[in-house]
Each structure stands twice: as structure tokens, then as C-alpha cells.
1. Select from region 43-92 the residues that are at pLDDT 95 or above, assigned to a loop (DSSP other than H, G, I, E, B) and crowded, with 20+ Cβ neighbours inside 10 Å and list them in ascending order.
2. Give me the pairs, please: first residue somewhere in region 147-173 and closer than 20 Å to Ser260 by Cβ, second residue anywhere and at pLDDT 90 or above and loosely packed, with under 12 Cβ neighbours inside 10 Å, beta-carbon distance under 6 Å, and either six or more positions apart or on two chains.
3. Suppose we keep only residues that are over 17 Å from Leu339 (Cα atoms) and part of a helix (DSSP H, G or I) within region 260-283. Which one would you say is most open to solvent (accessible area, probe 1.4 Å)?
4. Scanning region 219-229 for residues that are surrounded by fewer than 22 Cβ atoms within 10 Å (Cβ to Cβ) and in contact (Cβ under 8 Å) with a residue 40 or more places away in the chain, which turns out farthest from Ala250 (Cα to Cα)?
5. Within region 72-79, can one find any residue that is of a type in the set (Val, Ile, Thr) and touching a residue at least 40 places away in the same chain (Cβ under 8 Å)?
6. Would you pick out the residues in region 95-117 that are open to solvent by less than 20 Å² (accessible area, probe 1.4 Å) and closer than 19 Å to Lys30 by Cα?
7. Go over the candidates Glu141, Glu135, Glu131 one by one and state the one that is within 20 Å of Asn3 (Cα to Cα), in contact (Cβ under 8 Å) with a residue 24 or more places away in the chain and outside any helix (DSSP H, G or I).
8. Could you check region 174-216 and list, in sequence order, the residues that are surrounded by 15 or more Cβ atoms within 10 Å (Cβ to Cβ), under 22 Å from the mean Cα position of the chain (by Cα) and without any contact (Cβ under 8 Å) to a residue 40 or more places away in the chain?
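The values are calculated or read from the model by the stated rules, or taken from the named source; none is laboratory data. These figures come from a predicted structure and were not determined experimentally. Ideal geometry is used to build each Cβ from the backbone, glycine not excepted, and the neighbour counts take in all protein chains shown. Areas reflect the complete protein model, heavy atoms only, side chains present, ligands, DNA and RNA absent. Shrake-Rupley method; radii C 1.70, N 1.55, O 1.52, S 1.80 Å.
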Amino acid sequence: MSNQDHYYTLILAGGGGTRLWPKSRKELPKQFLSLNGEGTMIQVTAERFAKLVGWEKIIVVTTKAYQHLVEEQLPKVPRENIIAEPEKRDTAMAMLTGALFAMSKDPEAILINDAADHVIVDEKEFLRLMELAAEVSSDYEHLVAVGITPTFPSTAFGYIKVGEEWKKMGRDSIFKVANFTEKPNEATARAFISSGKYFWNANHYVWSAKALVNAFERYMPAMLSTAEKLIKAQSTKEFVDALPEAYQQAESISVDYAISEKADNLLLIPGDFGWDDIGEWKVVYDLADKDTNKNAVLGEGEKKTVLVNSSGNLIHTDKRLVATVGLDNMIVVDTGEILLICPQSQSQNVKKIVEQLKKDNHTEYL
């Protein structure tokens with residue numbers, strides 16, 4: 001059996017996605033939306049990985065609230081491979097659960113982890129690097145991150161600093177990881193980029209289930225012991241039945257804090273394939289097709305727009321006609337129930353509206 005026969009993909013699809021409000025809402029977060037008319041984000045993600053591992057080896061970890069959406073949108077993924085978390089516990093528990101599920105099917109399983117809502121421009125290069133990372137991690141010892149070569153001094157992403165080169169494989173250099181830095185300020189981010197030693201952390205982790213379990217044993221033994229019944233499960237039913245107890249006891253912590261930042265066997269492969277996590281409406285505008293006036297018009301009602309002397313806008317409408325006169329560099333999102341208008345330069349503050357709605361107890365708009 002070749003190493004490739006052991007490859008699985010784990011897609012995390014449990015996030016709430018407040019930064020693309022009002023399209024992305026609690027009942028239908030961004031991973032289940034189509035933002036460019038080419039299928040929903042989770043569909044595009046799954047189709048991408050199906051080319052590498054096949055549909056039967058895609059595992060999705062989501063929450064109970066979104067299980068039906070995953071089943072509807074990914075009919076080719078086996079139902080038993082869609083794991084509904086009974087409670088939200090951040091990425092450490094989600095990734096451990098997915099790895100243990102894969103391990104129950106194949107003790108030699110190698111997991112390629114990704115989020116359901118990332119945009120990849122150069123799919124061929126992305127899959128090449130993910131396959132390379134899987135090859136590296138098939139020694140069942142190393143944990144591997146595919147880091148993103150930064151294109152600007154972002155303060156929205158975490159950074160991974162590399163140390164010495166571990167190995168060269170073909171044209172790719174693989175590095176030992178020196179340390180992690182959570183979202184830095186702009187001056188620090190500029191310094192990071194000019195050093196050439198820092199990469200964005202997009203949680204593109206690749207590891208064998210064995211190596212991950214060993215890492216939990218070493219750094220998060222309490223969390224691993226809460227998952228003991230998952231490890232011993234003899235069937236999918238036993239695995240699912242053991243989830244509530246495991247999750248009830250598990251700590252809520254990200255995989256970065258729990259494992260990656262502590263691990264001394266983590267390697268990084270630099271990646272440059274046009275990546276974005278679509279964290280705000282400005283990014284949707286940047287990635288969208290535009291007309292001659294640099295307006296991007298999206299949504300089910302995209303033909304219902306009249307734009308006069310207007311340029312550089314993102315208009316997203318589902319039902320109503322949206323008309324503008326003399327409007328430049330704005331974001332207009334109309335769901336029929338909610339209308340959002342803001343300058344593109346302020347789009348990162350949309351999440352503050354969600355915070356305010358929570359504060360004012362207007363849950364019907366969340």
C-alpha cells in the first residue's frame with residue numbers, strides 16, 4: 001500500500017463567520033454561501049480535496065446546527081464522515097476528533113487539515129504542496145505546516161517564524177519552526193516581512209494521526225484522556241455515542257496554543273498559491289469580477305442594479321433593486337431584511353455591528 005492510500009482530508013466547518021454579516025449569519029455562515037457564483041465555499045473546498053484523496057476520504061467536523069447543511073451541500077461525502085460536535089471547543093478538539101475518527105478507519109491515516117472557507121487561486125500549486133507535506137509527515141514523526149508567503153504586512157493573521165532548513169525536496173525547502181506570533185501590530189508585521197523568515201499561519205496543517213496523538217499525549221494529556229472512549233470506539237456508532245462525554249470535559253483551546261507552539265517536531269513548507277480567508281467584505285470585492293467602472297455586483301439579484309456615476313463599489317443584492325448615484329468605493333449588501341452600507345476602508349469593522357446587536361439583544365438579526 002502506498003503512502004497516498006493513507007491520505008485523508010479533514011475540513012473544519014463549524015465557524016459562525018460574523019465578519020461577512022449580514023449575508024453570513026448564525027443560521028447560514030459564510031462557508032455555506034456562494035460568494036462568487038461558483039458553488040458554496042465548502043463545496044469548492046471539498047471538490048478541491050476530492051481530486052487528491054477522493055470523496056470517501058473526506059471528513060468534515062462541524063456543529064450539530066450545521067450538520068444538515070453539510071449533508072445537503074456535500075452529498076458525495078459519506079454521511080458517517082460528517083462529525084457533528086455536540087459543543088464548540090475550538091480547533092484543538094475538532095482536529096483531534098477528526099484524526100481519531102480517521103485512525104479508527106486506518107491506523108496509518110495522514111490528515112490534511114483545512115478550513116471550509118478559504119479561497120485558493122492556484123489550486124494546482126496548493127494541492128502539490130499539500131501532497132508534499134503529506135509525504136513529509138508520512139514518517140509518522142513530524143507535524144507539518146504549509147505557511148503562506150505574506151504579500152503585505154497584515155495585522156489580521158498569525159505568523160510562523162522559520163529557523164534552519166531541515167531538508168530540500170526537489171525545488172522546495174522545508175524548514176524547522178522557530179516560533180509563533182499572534183496578530184502583530186503593523187510595524188512588527190513590516191519587520192517580519194522584510195526579514196523573509198515569517199509566514200502567515202493559515203492552519204494548513206498536515207500530520208499523521210499517530211504523530212498528533214503523540215503530541216497530545218505530551219502537551220495536552222488531559223484532553224487526550226477525555227477522548228479515551230473515542231480512541232477505543234469499535235464502530236462509527238460507538239464513536240458518535242462517545243462524543244458528548246468527551247466534549248463536555250474537553251478544554252476550549254486552539255490547536256496553535258495546544259500543540260503547534262509547543263511542538264519541537266513541527267516543520268514548515270512555504271506556500272505561494274494565492275490564499276485568502278475572506279475575512280471581510282473588502283476581500284470579497286478584491287477577488288470579484290468587476291465591470292468597466294470597477295464595480296463588483298454579486299448575489300442572486302445581481303441584474304437588479306442601476307449604478308450611475310458610481311465606481312469601485314461592491315453591491316450584493318438578493319431581492320431588491322439597488323440603485324446608486326455618485327457612489328464610490330462603498331460596500332452595499334442588501335438581504336431584503338437587512339441593508340449594510342459602509343466604506344470599503346471600514347469593512348473590517350462590520351463585526352462591531354454584530355457585537356452591538358448582541359449587546360442590544362437583537363438576536364433575530366445575528
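1. Leu74, Val77
2. These pairs meet every condition: Ser173/Glu165.
3. Once the filter is applied, the top-ranked residue is Val283.
4. So the residue we want is Tyr219.
5. no
6. Asn113, Asp114, Ala116
7. Glu141
8. If the condition is that a residue be surrounded by 15 or more Cβ atoms within 10 Å (Cβ to Cβ), under 22 Å from the mean Cα position of the chain (by Cα) and without any contact (Cβ under 8 Å) to a residue 40 or more places away in the chain, then Thr181, Pro184, Ala189 are the ones that fit.
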